[in-house]
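Undergrad: Here it is: the structure, laid out below.
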Amino acid sequence: MQRGSDRMSVHRDDEMKHELQGLLRSGHPTRSEEWNDPEPAAEDDPEVTYGPVTPGRGPTYLEALRLELARNLTRGSFPASPRELGRTLRRGNAPDALVEGLDRLPHKARYDSVQELAVALTESGGPPGSPGPQNT
């Protein structure tokens, strides 16, 4: 008999694993009642992703670009060339600025992660309409 600080029984653990299985496999909420899903962030919401909002601390250009790429690309998208990543972004209806930024990258290059891609885009000047590289 196991004694410890477990708050749930073994049966409840199995039940919870079964309830979460769809969410863990799909990567998004699987509830049939939309009202029960978490509400997505609005465009005018403060940037709390990076910790407390203070006047001197906002996301750097690299952080913001990496976050936007991660929203639109999955781990399965890598490794890939800029052309392959562009097709993936178009299929996912990503912002045009992200897709157009890939056109300036070397066509023979291959990227293994969102971080590598974000650094390459930052060094190439970033997506059109962006403020460009920043040293923050």
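Every read-out reported here was derived from the displayed coordinates using simple, explicitly stated rules and does not represent laboratory data. For clarity, every value in this text was computed on a predicted model and none was experimentally measured. Methodologically, a virtual Cβ is constructed for each residue, glycine included, from the backbone with ideal geometry; neighbour enumeration extends over all protein chains shown.
Undergrad: Using Cα pairs closer than 8 Å and at least 6 residues apart in sequence, work out the relative contact order for the stretch 61-123, in percent.
TA: Working: 58 pairs, mean separation 28.7, N = 63.
Relative contact order comes out at 46 percent.
Undergrad: Where Lys and Arg each count +1 and Asp and Glu each count -1, what net charge lies around LEU105 among other residues with Cβ under 10 Å from its Cβ? List each step's numbers first, then the result.
TA: Details: positive: ARG83, ARG104, LYS108; negative: ASP103, GLU123.
Result for the neighbourhood of LEU105: +1.
Undergrad: Something else now. What does the extension gain come out to for VAL10 and SER113, with contour length at 0.36 nm per residue minus their alpha carbon separation?
TA: On the way: separation 103, 0.36 × 103 = 37.08 nm, distance 3.80 nm.
Taking VAL10 through SER113 to full extension adds about 33.3 nm, to one decimal.
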